[in-house]
Each structure stands twice: as structure tokens, then as C-alpha cells.
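Throughout, read-outs are computed from the coordinates displayed, never taken from laboratory work. A quick note: this is a predicted structure, and the numbers were derived from the prediction, not measured. Here the Cβ positions follow ideal geometry from the backbone for every residue, glycine too, while neighbour counts run over all protein chains shown.
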Amino acid sequence: MTAIESPCILVCSIDMKTGFCFGCGRTREEIGAWMGMTPETRRNVMAELAARLETVERRPRRETRRSRMARERDAL
């Protein structure tokens, strides 16, 4: 069995404004249909992903307790 190339980076969350995944740039429909797409269709979608990800507004990462404590310690 041949492995199917995928842009997935396991950050599966859809930007409600654009409809693109924050991680890979695909739409819900593309993610769901990925396994059934032809290799050519998958390559065509992947060619668009970098441009799509530029349109996704990235949210800052949530500050963890550890990083907050380090920041507060460094501020002293």
C-alpha cells in the first residue's frame, strides 16, 4: 500500500473567517475528501496552501503557567 501525501500537521482547527484549517490550510470539505482525491487533485490543493495560510489570522499561543511564572520571575 502506498502512503498518501498529506499537508496535515495535526493542528486541526478551522478558522471561521476563512474556512481554512489553521494547521494545513485545507477546508473541511478537502480534509474529508482527501483520501478519495486523485494524486493530481491533492497536488493542486497543496499548491494553494501556502497562500491560504497567509490569509489565516494566527492567534497567539495561550500562556502556560510555566511560561507565566518564568516571565514574572524574570521581571523581578
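Sites listed here are trypsin sites (Lys or Arg not before Pro) in the stretch 3-76 whose DSSP assignment is loop and whose Cβ has at most 11 other Cβ atoms within 10 Å: LYS17, ARG58, ARG61, ARG62. Between SER67 and ILE9, the distance separating the two model label sites (each 7 Å from Cα on the Cα→Cβ line) works out to 1.5 nm. Once R0 is set to 25 Å, what does the formula 1/(1 + (r/R0)^6) return for the Cβ-Cβ distance between GLU57 and ALA33, expressed as a FRET efficiency to the nearest 0.05? Efficiency computed from Cβ-Cβ geometry: 0.50.
Across the chain, Cα pairs under 8 Å and at least six residues apart give a relative contact order of 24 percent.
Put a plus charge on the Cβ of each Lys and Arg, a minus charge on the Cβ of each Asp and Glu, and nothing anywhere else: the dipole of the chain about its Cα centre is then about 540 debye.
Relative intensity of the chain on a log10 scale, I(q)/I(0) at q = 0.15 Å⁻¹, equals -0.61, per a Debye sum over C-alpha point scatterers of equal strength in the absence of solvent.
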